[in-house]
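Below: one structure, written as structure tokens.
The values are calculated or read from the model by the stated rules, or taken from the named source; none is laboratory data. Keep in mind the model is a prediction, meaning the values are calculated, not measured. Note: ideal-geometry Cβ built from the backbone for every residue, glycine included; neighbour counts use all protein chains shown.
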Amino acid sequence: MFVRWRPFKGRKSRYPCLYEPAYRPDGRLYSKYVTYLGKDPVAAIRRLYREGRLTLAQVESISERKLPELADLKEELRKEANGNG
């Protein structure tokens, strides 16, 4: 999974959205829209995990390239899942 800043119609700025790679029936790769993350993407990812809409594996797979602060969240969720948090 990865985060992409995409423009919305009628707005001048870009907003973070979560995407996952998926394959078309003909075998080509494309990006499947998952959800809008809002002004605080890390808090939104935490909320989606708590609601059960994202698994720990999905959170772990989110690229940190555009959101370096996501590393702290991943570590926190790992500790929680292991019972140390």
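Here segment 31-55 is the region considered, the condition is being small (G, A, S) and not in a loop (DSSP other than H, G, I, E, B), and the residue that is farthest from Y19 (Cα to Cα) is A43. If I filter segment 7-30 down to residues being surrounded by 13 or more Cβ atoms within 10 Å (Cβ to Cβ) and out of contact with any Ser or Thr (no Cβ under 8 Å at 6 or more places or on another chain), which single residue comes out as nearest to L73 (Cα to Cα)? Checked segment 7-30; the qualifying residue nearest to L73 (Cα to Cα) is P16. Only one entry of S63, S31 meets the criterion of being at pLDDT 90 or above and touching a strand residue (DSSP E or B) at 6+ places or on another chain (Cβ under 8 Å), and that entry is S31. Of the residues Y49, Y36, Y15, the single one that is touching a residue at least 12 places away in the same chain (Cβ under 8 Å) and in contact with a Cys (Cβ under 6 Å, 6 or more places away or on another chain) is Y36.
Residue check: is P68 within 13 Å of the chain's Cα centre (by Cα) and surrounded by fewer than 10 Cβ atoms within 10 Å (Cβ to Cβ)? So P68 passes the test.
Listed conditions (1) free of Cβ contacts under 8 Å to residues at least 40 places away in the same chain; (2) surrounded by 13 or more Cβ atoms within 10 Å (Cβ to Cβ); (3) part of a helix (DSSP H, G or I) are all met by Q58, apart from (1).
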